[in-house]
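Engineer: One structure coming up, written as structure tokens, with questions to follow.
The values are calculated or read from the model by the stated rules, or taken from the named source; none is laboratory data. Being a predicted model, the structure only gives us computed values, none of them experimental. Glycine also receives a Cβ, built like all others from the backbone with ideal geometry; neighbour counts cover every protein chain displayed. Ligands, DNA and RNA are excluded from the accessible area calculation, which covers all protein heavy atoms including side chains. Shrake-Rupley method; radii C 1.70, N 1.55, O 1.52, S 1.80 Å.
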Amino acid sequence: MQSAPSLLSRFGLLRPAMSRSLSTAYDVGSSTNIKWHEGAVPTETKEATMKQRGCVVWFTGLSGSGKSTVACTLEHALADSGKVTALLDGDNVRHGLNSNLGFTAADREENIRRIGEVSKLFADTGIITLVSFISPYRRDRDRVRERVGQGRFIEVFMKVPISICEERDPKGLYKKARAGKLKGFTGIDDPYEEPTNAEVVLEAETPEGKRISPEEQAGKLLDYLRSKGFLAGPSK
Ligand SMILES: Nc1ncnc2c1ncn2[C@@H]1O[C@H](COP(=O)(O)OS(=O)(=O)O)[C@@H](OP(=O)(O)O)[C@H]1O
Ligand SMILES: Nc1ncnc2c1ncn2[C@@H]1O[C@H](COP(=O)(O)OP(=O)(O)O)[C@@H](O)[C@H]1O
């Protein structure tokens, strides 16, 4: 009986994997004797199949600023129009992949580095990847921007004053932090560095003081993604 690879190659379905010009293994970070393997199906081929372009939509903002709500609303809107998405959310990822990390500056940095790498893997597969983390440090967000690649990284700043976040306080964490029962809480006794070059800024209120709903905020993002060509396949 013929093996699967020889059958595939007989029908012209198997392509030889391309190998990197460097044939010997090398060291990267703490890993020794490793080698990058090229030859996966190109991102553009996957994007053409899905009729979309892979990207990372990176929500940043204080706890309670609406990151998860808007990311979730946007994901449903994208799914309704047949788009393939992934949603990475701080609280959820801290249940698994990053359950060994806390909220020190070093742990927050590692949290964002790992999520940055995971989101790049998704985006390189052509998936519209929504990422919702406080990500308080500008340097960490900029590192992810560089890794993912300018043009595919869309930073979304949830520009919501702490007074509104604190008023919402859905988990009661601001109350706890104000009472001194929760130390190192972002915005209270831990820093949040506002983005200076976010692609999209979402505010909670209009200049006239009218509240902006999550649906309106997600709609603005949908318009942005459409205008930048992420909701259509790659141009030939
Ligand atoms: N000390 C402290 N500071 C800030 N937030 C805290 C803290 N302790 C627990 N939480 C809860 O954890 C959620 C934030 O996790 P993230 O992974 O997004 O944080 S970070 O990006 O690493 O800063 C955050 O969730 P969101 O409210 O969804 O932002 C909080 O519920
Ligand atoms: N645009 C909005 N207008 C009013 N309330 C909102 C809006 N966006 C989110 N909320 C509410 O604010 C609270 C915090 O939202 P959440 O998405 O959990 O924030 P984050 O993920 O940034 O911590 C929730 O109770 C949510 O329903």
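Engineer: How big is the charge dipole of the range 173-232 about its Cα centre, in debye rounded to the nearest 20, if each Lys and Arg gets +1 on its Cβ and each Asp and Glu gets -1 on its Cβ? All intermediate terms of the calculation are to be shown ahead of the outcome.
Structural biologist: On the way: 10 positive and 11 negative charges, 82 e Å.
Roughly 400 debye, rounded to the nearest 20.
Engineer: Still on this model: At a Cα cut-off below 30 Å, give the lysines reachable from LYS46, other chains included and same-chain residues fewer than 8 away excluded.
Structural biologist: Cross-link targets: LYS35, LYS67, LYS83, LYS120, LYS220, LYS228, LYS236.
Engineer: At 1.4 Å probe size, with the rest of the protein present, what percent of the exposed accessible area of the chain is carbon and sulfur atoms?
Structural biologist: With neighbouring chains kept in place, the figure for the chain is 55 percent.
Engineer: How would THR129, THR32, THR85 rank on accessible area, largest to smallest, probe 1.4 Å? Don't skip to the end; give the middle numbers.
Structural biologist: On the way: THR129 0, THR32 85, THR85 35 Å².
Putting THR129, THR32, THR85 in descending order of accessible area: THR32, THR85, THR129.
Engineer: So, with +1 on the Cβ of K and R and -1 on the Cβ of D and E, and no other charges, what is the size of the charge dipole of the range 111-232 about its Cα centre, to the nearest 20 debye?
Structural biologist: 460
Engineer: Another question, then. Below 8 Å, C-alpha to C-alpha, sequence gap of six or more: please give me the relative contact order for the chain in percent.
Structural biologist: Taking the mean separation of contacting Cα pairs over the length of the chain, I get 27 percent.
Engineer: Okay, moving on. Projecting each Cα onto the charge dipole of the range 70-220 (Lys/Arg +1, Asp/Glu -1 at the beta carbon, about the Cα centre), which of LEU101, GLY151, ASN197 comes out farthest on the positive side?
Structural biologist: LEU101
Engineer: May I pose another question? Divide the volume of the convex hull of the Cα atoms of the range 156-229 by its number of residues and quote the answer in cubic angstrom per residue.
Structural biologist: 115
Engineer: What lysines could a cross-link reach from LYS181, if we take a straight Cα to Cα line under 16 Å and drop same-chain neighbours fewer than 8 places away?
Structural biologist: By straight Cα distance, LYS181 reaches LYS171.
Engineer: Over all directions, average the projected area of the Cα convex hull of the range 9-148 and note it in nm².
Structural biologist: 11.3
Engineer: About the Cα centre of the chain, what is the dipole size in debye to 20, counting +1 per Lys and Arg Cβ and -1 per Asp and Glu Cβ, all else neutral?
Structural biologist: In total the dipole reaches around 580 debye.
Engineer: Then there is this: On average, how much accessible surface per residue is there in the chain, in Å², for a 1.4 Å probe, leaving out ligands, DNA and RNA?
Structural biologist: With the other protein chains kept in place, the chain gives 58 Å² per residue.
Engineer: Given an 8 Å cut-off on Cα distances and at least 6 residues of separation, report the relative contact order of the range 130-236 as a percent.
Structural biologist: 29 percent.
Engineer: Additional query: Using amide H atoms built in the peptide plane, which far-off residues or other-chain residues are under 5 Å from ILE212 H to H?
Structural biologist: Counting only residues 5 or more places away or on other chains, the set is GLU205, THR206.
Engineer: Still on this structure, please answer the following. If you look at just the Cα atoms of the chain, how large are its Rg and its Dmax in Å?
Structural biologist: 20.8, 74
Engineer: Highest mean first, how do 167-173, 113-119 rank when packing is the count of other Cβ atoms within 10 Å averaged over residues?
Structural biologist: Packing order, densest peptide first, comes out as 113-119, 167-173.
Engineer: For the range 174-217, max minus min Cα coordinate along each principal axis, in Å, sorted largest first?
Structural biologist: That gives 35, 25, 19 Å along the principal axes, largest extent first.
Engineer: Please list the radius of gyration and Dmax for the range 32-81, considering alpha-carbon atoms only, with Å as the unit.
Structural biologist: Every Cα atom of the range 32-81 included, Rg and Dmax give 16.8, 45 Å.
Engineer: Let me ask something else about it. Based on DSSP H assignment, which helices of the chain show an axial Cα extent of at least 24 Å together with a mean Kyte-Doolittle hydropathy greater than or equal to -1.0?
Structural biologist: Working: long enough: 105-124 (28 Å, -0.72).
Span-like helices here: 105-124.
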